[in-house]
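The values are calculated or read from the model by the stated rules, or taken from the named source; none is laboratory data. Everything numeric in this text was worked out from a predicted model, so none of it was measured. Here the Cβ is made from the backbone with ideal geometry for all residues, glycine too, and neighbour counts use every protein chain on show.
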Amino acid sequence: MKRIAIQGERGSFHDIAAHAYFTDEQVQLTCCTTFEEVFEKVGEDPTAIAMLAIENTIAGSLLHNYELLRASGTTVVGEQRLHIQHCICCLPDDDWSTVVEVHSHPVALMQCRSFLGNHPGIKAVEAEDTAGAAAYIAQKQCRGWAAICSAEAARLYGMKILEDSIEDNKHNFTRFLVACHPHKADFLRPLTEVDKASIVFSLPHEEGSLSKVLTILSFYDINLTKIQSLPVIGHEWEYLFYVDLTFDNLTRYRQSIDAITPLVKSIKILGEYREH
């Protein structure tokens, strides 16, 4: 039994991602309101696993989650990419003629902007969670309300799907990270099979400091799939660089980390895992 802490309710995209990653395994969800609560649950229970969204092909990076991940002391052991498809759903007795409001997470509303623009008579209302909006409408029997969520959530809560695949961009994907207590990491991913790593480092405020690091990584045939900078609070013009690396040779990856360490002010390996 895998105990997974997610942000959102059953039927949310975090729920779908967790079941997709742990295919054919028993999953017990701990549903949390915030990502802070997700890491609190993992901190309280060393056997718990966190599933958190880290970037979306439309909305971009979830910057706050990078900071939470770095501060949590957890280790990334895997990733899951999920195709995000939204539907609009309502109570079984409602229809297009009766729906006056649609509730969903702000990101989901943003991803369906064109669809909502074509329905100006329906008021968009922000909610904490996509599946949570559907659950609330179903539980409270909110006539005239609709939710934007996954089709799985709509079916789970007995809602009627008015239209499926309403997202503006059909190439809408979210990348999720799987993180756990470091002592549990080796049970969830064989270290000999890893080919990707997430690291974070800070640099001295010197000319060419970043280019030197990138040059060394290139020398060791390390591929950068993502680099994200965030300011260091309280230190003007200093930044933390969150970097995703892929590699074919674990030894050369280890050597590259050793080679760049003297050039950075600080460095932390957030996790090593298999690329999805």
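Each residue in the stretch 89-102 was checked for being closer than 10 Å to residue 122 by Cα and either in contact (Cβ under 8 Å) with a residue 60 or more places away in the chain or not in a loop (DSSP other than H, G, I, E, B) (or both), and 4 of them qualify.
The number of residues in the stretch 28-80 being touching a Cys at 6+ places or on another chain (Cβ under 9 Å), among the small types (Gly, Ala, Ser) and farther than 19 Å from residue 174 by Cβ comes to 1.
For the stretch 217-229, indicate whether the set of residues that are out of contact with any Ser or Thr (no Cβ under 6 Å at 6 or more places or on another chain) and surrounded by 15 or more Cβ atoms within 10 Å (Cβ to Cβ) is non-empty. No, there is no match, as no residue in the stretch 217-229 is out of contact with any Ser or Thr (no Cβ under 6 Å at 6 or more places or on another chain) and surrounded by 15 or more Cβ atoms within 10 Å (Cβ to Cβ). Residue 146 meets the conditions (1) in a strand (DSSP E or B); (2) hydrophobic (A, V, I, L, M, F, W, C); (3) closer than 22 Å to residue 227 by Cα in every case but one. The failed one is (3).
Scanning the stretch 85-108 for residues that are of a type in the set (A, V, I, L, M) and at pLDDT below 95 yields a count of 2.
A residue that is within 19 Å of residue 228 (Cα to Cα) and either buried (at least 18 other Cβ atoms within 10 Å of the Cβ) or polar (S, T, N, Q) (or both) cannot be found anywhere in the stretch 161-170. Once the stretch 69-82 is narrowed to residues that are touching a Leu at 6+ places or on another chain (Cβ under 8 Å) and outside any strand (DSSP E or B), the residue that is surrounded by the most Cβ atoms within 10 Å (Cβ to Cβ) is 69.
In the stretch 195-221, the residue that is nearest to residue 80 (Cα to Cα) out of those that are in a loop (DSSP other than H, G, I, E, B) and either assigned by TED's automatic domain parsing to the domain that holds residue 74 or not hydrophobic (A, V, I, L, M, F, W, C) (or both) is 195.
Selection of first residues in the stretch 247-259 that are assigned by TED's automatic domain parsing to the domain that holds residue 219 and of second residues that are modelled with pLDDT under 95 and in a helix (DSSP H, G or I), restricted to Cβ pairs under 6 Å at least 6 apart or on distinct chains, gives an empty result. Considering the stretch 233-245, and only residues there that are of a type in the set (A, V, I, L, M, F, W, C) and loosely packed, with under 14 Cβ neighbours inside 10 Å, the residue that is farthest from the chain's Cα centre (by Cα) turns out to be 237.
In this structure, is residue 188 farther than 15 Å from residue 88 by Cβ, surrounded by 15 or more Cβ atoms within 10 Å (Cβ to Cβ) and in contact with a Gly (Cβ under 6 Å, 6 or more places away or on another chain)? Considered against the rule, which asks whether it is farther than 15 Å from residue 88 by Cβ, surrounded by 15 or more Cβ atoms within 10 Å (Cβ to Cβ) and in contact with a Gly (Cβ under 6 Å, 6 or more places away or on another chain), residue 188 comes out as no. Across the stretch 18-66, the qualifying residues are those that are closer than 22 Å to residue 138 by Cβ and crowded, with 19+ Cβ neighbours inside 10 Å, and the one among them that is nearest to the chain's Cα centre (by Cα) is 18. The C-beta contact set for the stretch 230-242 (first residue at pLDDT 80 or above, second residue of a type in the set (S, T, N, Q), distance under 6 angstrom, 6+ apart or interchain) comprises 239/229; 240/202; 241/229; 242/228.
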